[in-house]
Amino acid sequence: MRIMKYTHACVRLERDGRVLVVDPGTWSEPGALAGADAVLVTHEHTDHIDVLRLAGLGVPVFAPEGAELPALAPLPVHRVRAGQRFTAAGFAVTAVGGRHATIHDGQPGCANLGYVVDDEVYHPGDSLHLPGQPVRTLLVPAQASWLKLTEAIGFARAVGAARMHPIHDAQLNDRGLASVNGWFAETLGDGYRYLAPGETA
């Protein structure tokens, strides 16, 4: 499977001519969706979903059943729940989790699903919910208002994937990104590799 990272939390997965895009938000490049066969959305926040782009795309969109996305009503949206296994663009997907990580005082409290794709790659969205199964590649959140670096490191260690690439990093300047990458590389070892937007693994 080819993994291409885009700005922030957007990732494009390609295999055998099929394209599945996860979390193409307003901060990610429009090119992430070129030729996409289906889209997975972890939750309703705009840094993870650009409703206008998806409205013009016309491919199946999979989103949590509790997500508030009224603007997607005219689209072919498939609502999914935690524990559900389904096929998107020919990829086998398992939805896990259920809720967005707490920022403060119980907020935001919205639905959030992580997705395990082909029993190989895990994108957790805005949560640190364990996938419940071994995965080869973890897309680990690097920075967020709901996240401490030590939590992200502990999450990556608990998942135990052979390969780890950071996502959710668009709010970091160059110095912050260098610091986060240094800590991840030092604590997670050889399996960790930073992917800049447009790079593949």
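The values are calculated or read from the model by the stated rules, or taken from the named source; none is laboratory data. Only a predicted model underlies this, so the values are computations on that prediction, with no experimental measurement involved. Glycine gets a Cβ as well: all are built from the backbone with ideal geometry, and neighbour counts include every protein chain shown. Just so you know, the surface numbers come from the protein's heavy atoms only, side chains and all, with ligands and any DNA or RNA stripped out. Shrake-Rupley method; radii C 1.70, N 1.55, O 1.52, S 1.80 Å.
Could you order peptides 89-95, 136-142, 73-79, 150-156 by the average number of other Cβ atoms within 10 Å of their residues, highest first?
Listed from highest to lowest mean packing, they are 136-142, 89-95, 150-156, 73-79.
Counting helices only, and only those DSSP H runs with n ≥ 4, report the 222 nm mean residue ellipticity of the chain as the sum of -39,500 (n - 2.57) divided by its residues, in deg cm²/dmol to the nearest 500.
Calculated at 222 nm, the ellipticity per residue is -5000 deg cm²/dmol.
Taking all protein chains as present, what is the carbon and sulfur share of the accessible area of the chain, in % to the nearest whole number, probe 1.4 Å?
Carbon and sulfur: 51 percent of the exposed surface of the chain.
With the convex hull built on the Cα atoms of region 25-69, state its orientation-averaged projected area in nm².
Dividing the Cα hull surface by four gives the mean projection, 2.9 nm².
Beta carbons within 10 angstrom, averaged per residue: use that to sort the peptides 114-127, 1-14, highest first.
Per-residue mean Cβ counts within 10 Å order the peptides as 114-127, 1-14.
As a test of understanding, state the convex hull volume per residue of the chain from its alpha carbons, in Å³.
Convex hull of Cα atoms, per residue: 106 Å³.
What are the ³J(HN,Hα) values, in whole Hz, obtained from phi via the Karplus relation 6.51 cos²θ - 1.76 cosθ + 1.60 with θ = phi - 60°, for each residue of region 182-195 in sequence order, with x given for Gly and Pro?
Values per residue, Gly and Pro as x: x, 5, 4, 4, 5, 8, 9, x, 5, x, 8, 8, 6, 10 Hz.
Please compute the per residue accessible area over region 132-201 with all protein chains in place, 1.4 Å probe, rounded to a whole number of Å².
49
Can you give me the Cα centroid spacing of region 6-22 and region 77-106 in angstrom?
So the separation of the two Cα centres works out to 16 Å.
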